[in-house]
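Engineer: Sharing a structure below in structure tokens format, with a few things to ask.
Quick note: the coordinates plus some simple rules give every number you see, no bench work behind them. If you're wondering where the values come from, they're calculated on a predicted model, not measured in any experiment. In this analysis, Cβ positions are derived from the backbone assuming ideal geometry, glycine residues included, and neighbour counts consider all displayed protein chains.
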Amino acid sequence: MAVPPALLLAAHPALLGTPGEREAEVVAISVCLFEALMLAWQPGSTIRLDPRGGGFVVDPSRPEGSAPSFASDPPPVRPHLDDSAFTGVVYTIEGLAVSGWESFFTVIGEAVNGPGGYFGRSLDGLADCLNGGFGTPEQQFAFEWMRSAASRRQLGYAEAVRLLNRQPTSRERRARLLDAEWMRGPTPFDWIVSVFDSEKVPLRLS
């Protein structure tokens, strides 16, 4: 039978000495347990105390460089942007200029409406702008997100935690925050992409 992590911590040989020393060790070992769970654990593996003390061993551990194996919904299918058939305006989002949530809206605003331009400050605002009337032409238009991988890193789980911590407390917010802390589910990058999907505005991730 698996032993709860709390009991593993209590039984760890490092938890000796004065109360202050034990408190410091609990913090250090808890960090080791968290790192083992996040960086090495995979379905079917077990976590055991390191016989050398001071940490945990995952058996078997995940191969170095591989990502955590968390279940998630499949990515939505975006409208296809075919250069040979598309005749509308294509706006370019420069991914290297996106350093976080707020800067994304600055970058897309300037891409559409020039320096200081507005194109939403939230997901709802972005959806409104994608429906037209905020600098886009009446005919078809699309977006190309250049160097989107750089933006994906900036709009990852750490940014999700920061944004969710700013929202009013609710059951949904707590659930989403827990998912973000455990690096599962959609990220702010995914939130943004999903708005393009829902509004059926072509978006190419380059």
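Engineer: Tabulate in residue order the Karplus-calculated ³J(HN,Hα) for the stretch 143-155, using 6.51 cos²θ - 1.76 cosθ + 1.60 with θ = phi - 60°, rounded to whole Hz; enter x for Gly and Pro.
Structural biologist: For the stretch 143-155, the Karplus-derived couplings read 10, 10, 9, 6, 6, 5, 4, 5, 5, 4, 5, 6, 9 Hz, x marking Gly and Pro.
Engineer: With a cut-off of 8 Å between alpha carbons and a minimum separation of six or more residues, what is the relative contact order of the stretch 89-205 in percent?
Structural biologist: Once divided by the residue count of the stretch 89-205, the mean separation gives 30 percent.
Engineer: Let me ask something additional. Compute the FRET efficiency between Arg174 and Leu123 as 1/(1 + (r/R0)^6), taking r as their Cβ-Cβ distance and R0 = 22 Å, and round to the nearest 0.05.
Structural biologist: E(calc), rounded to 0.05, equals 0.65.
Engineer: Which residues' amide hydrogens lie under 5 Å from the amide hydrogen of Tyr91, considering only partners 5 or more residues apart or on another chain, with H built in the peptide plane?
Structural biologist: Those qualifying (amide H under 5 Å, at least 5 residues apart or on another chain) are Ala142, Phe143, Glu144.
Engineer: State, as an integer percentage, the relative contact order of the stretch 95-158 based on alpha-carbon contacts under 8 Å between residues 6 or more apart.
Structural biologist: 38 percent
Engineer: To continue, here is another question. Based on alpha-carbon centroids, what's the gap between the stretch 101-142 and the stretch 147-206 in Å, whole number please?
Structural biologist: With the stretch 101-142 and the stretch 147-206 each reduced to a Cα centre, they are spaced 18 Å.
Engineer: With a Förster radius of 25 Å, plug the Cβ-Cβ distance of Gln139 and Trp191 into 1/(1 + (r/R0)^6) and report the FRET value to the nearest 0.05.
Structural biologist: 0.35
Engineer: Which loop GluC sites (Glu not before Pro) in the stretch 124-168, with loop taken from DSSP, have no more than 15 other Cβ atoms within 10 angstrom of their Cβ?
Structural biologist: Glu138
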